[in-house]
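Step one of this worksheet: look at the structure below.
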């Protein structure tokens, strides 16, 4: 059965393939974005998805954005919290702005979005929440205390949401990608990339489609008994909890 899905940060990178994957499953998908209007409109023309522009780090903006989506499409069945940024610096040099901007965009956005879709999901007795964390939220990373904290926080947040809402037919799971081929990693120094790949037992970086395929499954009816799970998709680079 077709569902209504929101994918935050859904017009580029991993988010764009998540949108494509959910559309391929027959769902109606709305991609949120914050910056590039031209790119968002081109992506909408390519995929046929809906688009909504608002800042997911802002609570009131999320309230208005979700209401606009619910007014237009009737409900929200699936929420994929994918939007994220990096502001890397060693902790002894990190500014307060670098800390707060990453925490607000990556972690507080999960609260902002979930808070405004959960009541409707609970009333209807169905919901799928999928949060996109990171391998670095599991193991930490040099120069990424802010990013690692935000992504680790998503894991605890997801488990709590799962516990609170399971009886209402809602699942909340978290996916932790490893190093994935995106524009961001493509801009990295090749020597650095080579050193990263040497640490991956699969001897390659992941594909955005591989993350999208995992999201599509977790969001499906087939995953109804999967709740509070932390799913690592990293080629074997990190196998801890």
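The values are calculated or read from the model by the stated rules, or taken from the named source; none is laboratory data. Values in this document were obtained by computation on a predicted structure and should not be read as measured data. Note that each Cβ is placed from the backbone with ideal geometry, even for glycine, and that neighbours are counted across all protein chains shown.
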Working only within segment 198-224, note down all residues that are more than 29 Å from residue 166 (Cβ to Cβ), part of a helix (DSSP H, G or I) and in contact (Cβ under 8 Å) with a residue 12 or more places away in the chain. 208, 209
Those residues of segment 167-190 which are in contact (Cβ under 8 Å) with a residue 60 or more places away in the chain and in a helix (DSSP H, G or I) amount to 183, 184
Unmet criterion (only one of (1) in a helix (DSSP H, G or I); (2) surrounded by fewer than 15 Cβ atoms within 10 Å (Cβ to Cβ); (3) touching a helix residue (DSSP H, G or I) at 6+ places or on another chain (Cβ under 9 Å); (4) modelled with pLDDT under 95) for residue 193: (2)
Cβ-Cβ under 9 Å, sequence separation 6+ or interchain: first residue in segment 29-41 and farther than 27 Å from residue 128 by Cβ, partner surrounded by fewer than 18 Cβ atoms within 10 Å (Cβ to Cβ). Which pairs? 37/53
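Could you tell me which residue of segment 227-241 is surrounded by the fewest Cβ atoms within 10 Å (Cβ to Cβ), considering only residues that are closer than 16 Å to residue 129 by Cβ and in contact with a strand residue (DSSP E or B) (Cβ under 6 Å, 6 or more places away or on another chain)? I'd like the intermediate steps shown before the answer.
Residues of segment 227-241 closer than 16 Å to residue 129 by Cβ: 227-231.
Okay, now just the ones that are also in contact with a strand residue (DSSP E or B) (Cβ under 6 Å, 6 or more places away or on another chain), so 227, 229-231.
Details: 227: 18, 229: 15, 230: 17, 231: 17.
The extreme case among them is 229.
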Which residue out of 40, 16 is in contact with a strand residue (DSSP E or B) (Cβ under 8 Å, 6 or more places away or on another chain) and buried (at least 22 other Cβ atoms within 10 Å of the Cβ)? 16
Condition check: closer than 18 Å to residue 33 by Cβ, surrounded by fewer than 18 Cβ atoms within 10 Å (Cβ to Cβ) and within 18 Å of the chain's Cα centre (by Cα). Does residue 58 satisfy that? yes
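Quick check on segment 153-166. Is at least one of its residues farther than 15 Å from residue 114 by Cα, in contact (Cβ under 8 Å) with a residue 40 or more places away in the chain and touching a strand residue (DSSP E or B) at 6+ places or on another chain (Cβ under 7 Å)? Step through it out loud before you land on a result.
In the first step, residues of segment 153-166 are kept if they are farther than 15 Å from residue 114 by Cα; the result is none.
No, segment 153-166 contains no residue that is farther than 15 Å from residue 114 by Cα, in contact (Cβ under 8 Å) with a residue 40 or more places away in the chain and touching a strand residue (DSSP E or B) at 6+ places or on another chain (Cβ under 7 Å).
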